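The values are calculated or read from the model by the stated rules, or taken from the named source; none is laboratory data. Bear in mind the structure is a predicted one, so any value in this text is a computation, not a measurement. We place every Cβ from the backbone using ideal geometry, glycine too, and count neighbours over all the protein chains shown.
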């Protein structure tokens, strides 16, 4: 349990004991929560329970003709019944009826030793309790290199997956490959024409084809493997062949590019497989049996309006030419996720331009008898790439789209992930390359990683002097900056819990920067290593605190998919 939950349990236990002993009348107790006060003098935690229950208390007392109690009096009764505990140094009740609690400095100091003893496990929550979760993200069409905007999807999706798998969930990362349909046919034909052109044949790419120079590079890869042996193919033979070869090239390239960003997928799921293994036909049969499909204008329509009462718009399920409608594959795909593979919870990370699609997903799930609450769609806004405050629209290398690899090669994965995560999903991002590569305190990722490198340096110097953070007298940690650093570290489980509940990974980089700044204040105020033998005990205590900081920063950077450098 997180510390605030443990403290809330103390309040709950005390209130129930007061009811049992007759200090308070019996009534249904609401859920108890504690919050961090806005001002330090109000304590570390505050509870407004007396204000919440004053009406119930006095209605019960009135029924017994037993007078009235004020919220302050109720709070004082609760505090008198608080169980013994190691956390709280003192508790006070203040008007209009808040219970303010102050953590014990001795208990707080002891947590440095607990963190060192348990490592990152100190912070992990068993929040998921083994729940099976699939996080599907990126899933860009496999018709070319990944645009830099897709890097935001990768950063959000992978960080959500890391948050979940480190806190009790069983997670699968999945990339959905849109490998069927007209666009893939055009992609295959474009690659075939580029291959022919490499061998001196005068042909043009399709009118709606892919003109990018990368298609010539893909054609060269085919040429390197097959030489001119494919030139004898007819168009009818060549287009499916080159579509398959192009898909293999792009998928491998996508995997390499994403690996550069520390993103790896457990499964690459083919859209085509939904039609090859009969899933689509099976789902269509279910919908027909339920009366959710009907024919109009030679097309088959899905009765979405049946499940979305605020909409009268139905969707084409099968077009008049026999091809699936825009949403049809989604219906089959999510049937596969929930029914065939049995995920308890599915999270899709989509760009904001898919918001209409997201709004219609509940209807599809209801039609299949699947609880829509088992699906969460995380929408994220666009990224504007800048250099020194000026927008960058085209690639310096090719004069075309700016790829994720091009930016990562310049700024590195860590800086890219940190800056892409540092805004809420719904906010549009200005990504400034010059800030990302700056090695100074203005660059937040540099500042955080430098803090980790600094603690690592301190520990190395201590080890060279024969000092280790063992058997430290942690009650010596009494300086305000020492206690402030411990306070800040103990906030991490709450930050993680909130990030999971809201699927909002931007909480992590903001907290990381706060933690690094809090450590810097401690480092500036407190000398860790001293030449005076009389300070050895204090040095060991502070080394324990430094080691705890190292563990905390390293775990935090791991959650964000970033390196924790030992030196910089």
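The table for this structure:
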quantity	calculated
Residue under evaluation residue 419, criteria (1) surrounded by 14 or more Cβ atoms within 10 Å (Cβ to Cβ); (2) at pLDDT 90 or above; (3) not in a helix (DSSP H, G or I), criterion not met	(3)
The stretch 443-467, subset part of a loop (DSSP other than H, G, I, E, B) and touching a helix residue (DSSP H, G or I) at 6+ places or on another chain (Cβ under 7 Å), residue modelled with the highest pLDDT	443
Qualifying residue in the stretch 545-552 (condition: surrounded by fewer than 20 Cβ atoms within 10 Å (Cβ to Cβ), part of a helix (DSSP H, G or I) and modelled with pLDDT of 95 or more)	no
Some residue of the stretch 482-495 being touching a strand residue (DSSP E or B) at 6+ places or on another chain (Cβ under 6 Å), in a loop (DSSP other than H, G, I, E, B) and under 23 Å from residue 424 (Cα atoms)	no
Qualifying positions in the stretch 168-217 - buried (at least 19 other Cβ atoms within 10 Å of the Cβ), in contact with a helix residue (DSSP H, G or I) (Cβ under 7 Å, 6 or more places away or on another chain) and part of a helix (DSSP H, G or I)	184, 187, 188, 189, 190, 191, 192, 194, 195, 215
In the stretch 277-323, the residues that are within 26 Å of residue 182 (Cβ to Cβ), free of Cβ contacts under 8 Å to residues at least 60 places away in the same chain and in contact with a helix residue (DSSP H, G or I) (Cβ under 7 Å, 6 or more places away or on another chain)	280, 293, 313, 314, 315, 317, 318
Failed condition for residue 252, given (1) without any contact (Cβ under 8 Å) to a residue 60 or more places away in the chain; (2) assigned to a helix (DSSP H, G or I); (3) touching a helix residue (DSSP H, G or I) at 6+ places or on another chain (Cβ under 8 Å); (4) assigned by TED's automatic domain parsing to the domain that holds residue 189	(3)
Options 79, 94, 72; residue that is touching a residue at least 24 places away in the same chain (Cβ under 8 Å), out of contact with any helix residue (DSSP H, G or I) (no Cβ under 6 Å at 6 or more places or on another chain) and closer than 30 Å to residue 122 by Cα	79
